């Protein structure tokens with residue numbers, strides 16, 4: 001069974017709580033802005049700095065994370081339950097799905113296909129995708145889910161900065 005175990009202190013110490021499903025508001029659990037380390041068993045999880053799955057995002061795949069870069073900043077958690085096989089994303093150069101485009105089915109450094117720092121919208125056909133500000137999975141990130149269509153990155157400050165994309169993959 002997939003779960004996330006969160007701790008209020010680094011190194012898996014302090015108060016701990018296990019979650020087996022989404023938590024839209026950590027305030028209700030007494031853990032808002034209090035998580036400093038965590039363990040993920042099974043499915044990946046996305047953390048959000050604001051309640052109701054909003055704000056800055058981070059992705060945590062199966063493993064142990066004794067020190068978190070954004071420790072003490074999480075306000076909601078979402079478990080990835082979507083099908084991860086056969087991923088596909090359609091990236092567009094301009095907002096509202098205009099301009100040049102590319103369809104990807106695997107992790108890609110957009111510099112290698114001359115499409116970096118131009119992406120302004122996308123459509124996810126299958127899989128869960130992570131879009132990164134810099135190559136090699138670096139910088140700010142944005143997680144996008146199957147069926148999600150994002151016509152404009154301007155509102156969340158991601159316009160013309162995406163340099164790397166990858167689908168989350170199933171470990172099973």
A correct fewest-to-most ranking of 79, 1 by other Cβ atoms within 10 Å would be 1, 79
Expected max-MSF residue from 98, 155, 43 in the GNM of the chain (alpha carbon, under 10 Å) is 155
Can you tell which of 15, 137, 78 shows the greatest fluctuation in a Gaussian network model of the chain with Cα springs below 10 Å?
15
Considering just Cα atoms, how many Å³ per residue does the convex hull of the chain enclose?
102
Ranked by GNM mean-square fluctuation in the chain (Cα springs under 10 Å), the top entry among 136, 58, 32 is 136
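A short reminder: the numbers here are calculations on the coordinates, not readings from a lab. As the structure is a prediction and not an experimental result, all values here were calculated from the model. Neighbour counts are summed over all protein chains in view; Cβ atoms, including those assigned to glycine, are modelled from backbone coordinates with ideal geometry.
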